Amino acid sequence: MEKEYFVHDTAIIDEGCKIGKGTKIWHFSHIMSGSEIGENCNIGQNVVVSPGVKLGKNVKVQNNVSIYTGVICEDDVFLGPSMVFTNVINPRSAIIRKNSYNTTVVEKGASIGANSTIVCGNKIGTYAFIGAGAVVTKDVKPFALVVGNPARQTGWMSEYGHKLMFDKSGFASCPESDQRYKIEDGRVSRIY
């Protein structure tokens, strides 16, 4: 049976992983047994996807990213070049902690910038935007823009990736899509 996805000749695909239709896996990447990759994903060069990892549909993983056991990325997530996930809060070489992996969830549409670090056990909310080089040490709200080390929220982003500027009534529009947003009680929601 012919594969419904593309794998570069230098990539390694272990037995027992699931790869969705239309997905592309590029140079020197390793997809490990027990991982699941959805349809139409793009796995860049030198990427490792560890056992138990789940990637939804249309996930874009840029070069030099290791996605460790415990990470779940929902649909339409963007993982920037050389960003880092952790999966143990207190790693030690001499102490085996394979039963201590923490779950990290990256919700639908979130973007994680180049060279940023996501400390395990946190949730990145829908359409959140993690700036390049940020170090995320706690949950990130949906639509939040966070930057720095440790990451701090500096604003809100639209689904199209534009900074939202709220008026006095708590409404904002995305300049690209004209989608409207409302901020209420420290939470942002799209209203149409």
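The condition of being of a type outside the set (A, V, I, L, M), surrounded by fewer than 19 Cβ atoms within 10 Å (Cβ to Cβ) and under 14 Å from the mean Cα position of the chain (by Cα) holds for only one of 18, 24, 60, 3, that being 60. Go through the residues of region 114-131 one by one and say whether even a single one is in contact (Cβ under 8 Å) with a residue 40 or more places away in the chain and farther than 21 Å from residue 62 by Cα. The answer is no; no qualifying residue exists.
Filtering 54, 21, 60 for residues that are within 20 Å of residue 121 (Cβ to Cβ), among the basic types (Lys, Arg) and out of contact with any helix residue (DSSP H, G or I) (no Cβ under 6 Å at 6 or more places or on another chain) leaves a single hit, 54. Scanning region 73-91 turns up no residue that is surrounded by 17 or more Cβ atoms within 10 Å (Cβ to Cβ), over 16 Å from residue 120 (Cβ atoms) and without any contact (Cβ under 8 Å) to a residue 24 or more places away in the chain. The single residue among 53, 106 that is in contact with a strand residue (DSSP E or B) (Cβ under 9 Å, 6 or more places away or on another chain), touching a residue at least 24 places away in the same chain (Cβ under 8 Å), of a type in the set (A, V, I, L, M) and under 23 Å from residue 17 (Cα atoms) turns out to be 106. Of all residues in region 1-45, those that are in contact with a Pro (Cβ under 8 Å, 6 or more places away or on another chain), polar (S, T, N, Q) and closer than 17 Å to residue 59 by Cα total 1.
Yes or no: region 11-31 includes at least one residue that is under 25 Å from residue 91 (Cβ atoms) and either out of contact with any strand residue (DSSP E or B) (no Cβ under 7 Å at 6 or more places or on another chain) or among the polar types (S, T, N, Q) (or both). Yes, because at least one residue in region 11-31 is under 25 Å from residue 91 (Cβ atoms) and either out of contact with any strand residue (DSSP E or B) (no Cβ under 7 Å at 6 or more places or on another chain) or among the polar types (S, T, N, Q) (or both).
Within the option set 39, 2, being touching a residue at least 12 places away in the same chain (Cβ under 8 Å) and out of contact with any Phe, Trp or Tyr (no Cβ under 7 Å at 6 or more places or on another chain) holds for one residue only, 39. Residues of region 92-107 that are within 18 Å of residue 37 (Cα to Cα) and either crowded, with 18+ Cβ neighbours inside 10 Å or among the hydroxyl-bearing types (Ser, Thr, Tyr) (or both): 103, 104, 106, 107.
Elements of the type strands (runs of 3 or more DSSP E) sitting completely within region 81-183 and holding at least 1 residues that are modelled with pLDDT under 95 and more than 15 Å from the chain's Cα centre (by Cα): there are none. Candidates 131, 186: the one that is under 27 Å from residue 90 (Cα atoms) and of a type outside the set (A, V, I, L, M, F, W, C) is 131.
The values are calculated or read from the model by the stated rules, or taken from the named source; none is laboratory data. Being a predicted model, the structure only gives us computed values, none of them experimental. Backbone-built Cβ (ideal geometry, glycine too); neighbour counts: all protein chains shown.
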